[in-house]
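> Here it is: the structure, laid out below.
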């Protein structure tokens, strides 16, 4: 008979030599341990219980106290020292912390971590975290074993009898050029794994074969209620993504999912026996493609059930996703969870369609089941509820019965709304899907006179739309009445009492101000007329707006512009001075954004500014003995400015032009000669038409002349 470990072959004939090699290896290992103990400074008496704490401990302490008491009484710092110190069949209590160690256990011992996630043995990618030598019995509880690295058994190498409870073995790697075996565990002895998580371990061969991404077994392995996921055997003819077996494996009530290898993505049984019945393989479908030479049938099967499965609106149903089922490919049978079940804590996601809601949206398994609560919505039908785990999805239906009449939840426009557009489609929303009743009586009418308004109706889901056949009247109050049973739910239950809502349509735009104000005087000739309304506006169709002289009715050409609620009217040229103008906005020349126009014409009147009049001069007209450095000042009846291309003359009696500069201060024009006037000389100042204007642009209508004579002394 021949026996294989990975791709290595051993015959019965050379088994004796193999045993001798094992004995030799054990002797060498024991000598190494004795040497290490001789070199180490272990100053403590062994005891039945030893405490380890890498944060507060010291390997020189005796280890008999969980805390430092004084002197040498306190916890050990390393697990290795703790196991070396403890009595045979004793216990080592290990506090939370990360222990970067490569531990060799050489006696019967119980290792108890403070917590599974907090007590970590880390191989630092430089060796195995844990070795159990032959002939020993070891109990390991509440640890995380990680980051181991070896050619075989990256996390644990076992030749004894080991019981591992509530541990996580993760991210370990076995890598070798030819044969990498057991990313997490290499077992030559007996191992029992209870409630453990073995994940993300790798057996990686650079050339020949990686075997047992999580476990390679040449002894006996029992696995109960564990989660074994995302382990990989890779390289060459890789096999056994989770387990490669050359011995005996008993694995029940576990989760195997996401493990990969070329052969036997989950388990490859090369030589020996594997009983892997009653496990969850990531879906309900036949998992046979994940194995090689494995007894796997029947397997755990997920179902979903609603209790009750027939409810009324707003009522609830308990939804249970259960893994307490066995499936042999043909028949689903019940599994009694007290005998065994999938590990607790498996995440199950729930969802429902639009007919209801589930809460919570996810749950975790306890004793093989996870649950949520479904609440029926307001509409009848058969709601589909879904639960999903890994690649599995199952559904169940809950029948929802409607037992209450529809209720109005909102209206558009809201009740008693104002300024509703005249083309409004009235929408009434209910708390559930609806339909018109038999011979429905729905009224749309004016509130004051009761005049009926013709309309059409349309229903989409839970929304009733009422569309008037023509535009509503502006500034009018309307009532909508849904009489009893005019609207019903989908099973025929109608409104118990009439429902009424009211609204008032918007008023036409109203002028709130004008610039210039009505009947304004002294308006600038270049004035842009602005008329402001109480709302945003637009020009009506074929708008009729007049700008004309009030007396003769002469039309003034213009352009218009609208920004928001302001109409601007810009004459194409300057207005005439001292002239009255009328602006008329005829009916519907201006509308709001919904098309509601002015009901009656709107008129505003203004008078443009008069030209400035000279009120005095300095020097006065025909004044004599005027100083030769005199600044000539001409005062007007109003504030002035120079006209465009203003023509002002300053010349002597011989017609010779005197250069000057001008300045204006309010209503005073200052003329300053560039040089002193000649003595005994008469000068004339002529302000030609439009050389000076009012600030509104009205200019002198005729030339103005004044004279003076300078002094002779």
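> I'm trying to understand the selection: among the residues of the stretch 220-261, which are within 36 Å of the chain's Cα centre (by Cα) and part of a strand (DSSP E or B)?
227, 228, 229, 232, 255, 256, 257, 260
> Given the residues 629, 625, 652, 665, which is the only one that is under 30 Å from residue 578 (Cβ atoms), at pLDDT 95 or above and either surrounded by fewer than 18 Cβ atoms within 10 Å (Cβ to Cβ) or in the same structural domain as residue 580 (by TED's automatic domain parsing) (or both)?
That would be 665, the only listed residue that is under 30 Å from residue 578 (Cβ atoms), at pLDDT 95 or above and either surrounded by fewer than 18 Cβ atoms within 10 Å (Cβ to Cβ) or in the same structural domain as residue 580 (by TED's automatic domain parsing) (or both).
> While we're looking at this one, here's another question. Taking the stretch 120-138 only, how many residues are assigned to a strand (DSSP E or B) and over 48 Å from the mean Cα position of the chain (by Cα)?
4
> In the stretch 87-101, how many are farther than 15 Å from residue 130 by Cβ and in a strand (DSSP E or B)?
Residues meeting the conditions: 4.
> State all residues of the stretch 95-133 that are surrounded by fewer than 21 Cβ atoms within 10 Å (Cβ to Cβ) and under 21 Å from residue 214 (Cβ atoms); if no residue qualifies, say none.
102, 116, 117, 122, 124, 125, 126, 127, 131
> Here's another thing I want to ask about it. Hey, any hits in the stretch 597-605 for a residue that's surrounded by 19 or more Cβ atoms within 10 Å (Cβ to Cβ) and modelled with pLDDT of 95 or more?
Yes, the stretch 597-605 contains at least one residue that is surrounded by 19 or more Cβ atoms within 10 Å (Cβ to Cβ) and modelled with pLDDT of 95 or more.
> Tally time: how many residues in the stretch 641-674 are free of Cβ contacts under 8 Å to residues at least 12 places away in the same chain and either out of contact with any strand residue (DSSP E or B) (no Cβ under 8 Å at 6 or more places or on another chain) or more than 24 Å from residue 701 (Cβ to Cβ) (or both)?
So the count comes out to 6.
> Go through the stretch 168-177 and count every residue that is part of a loop (DSSP other than H, G, I, E, B) and free of Cβ contacts under 8 Å to residues at least 40 places away in the same chain.
2
> Quick one: count up the residues across the stretch 446-462 that are closer than 20 Å to residue 423 by Cβ and surrounded by fewer than 11 Cβ atoms within 10 Å (Cβ to Cβ).
4
> Here is a further query. Does residue 104 satisfy the criteria of being modelled with pLDDT of 95 or more, assigned to a strand (DSSP E or B) and closer than 15 Å to residue 52 by Cα?
Considered against the rule, which asks whether it is modelled with pLDDT of 95 or more, assigned to a strand (DSSP E or B) and closer than 15 Å to residue 52 by Cα, residue 104 comes out as no.
> Still on this structure, please answer the following. Suppose we filter the stretch 289-328 for residues that are under 24 Å from residue 269 (Cα atoms), modelled with pLDDT of 95 or more and part of a loop (DSSP other than H, G, I, E, B); how many remain?
Of the residues in that region, 6 qualify.
The values are calculated or read from the model by the stated rules, or taken from the named source; none is laboratory data. What you see is a predicted model; the values in this text were computed from it and never measured. Cβ: placed from backbone, ideal geometry, glycine included. Neighbour counts: every protein chain shown.
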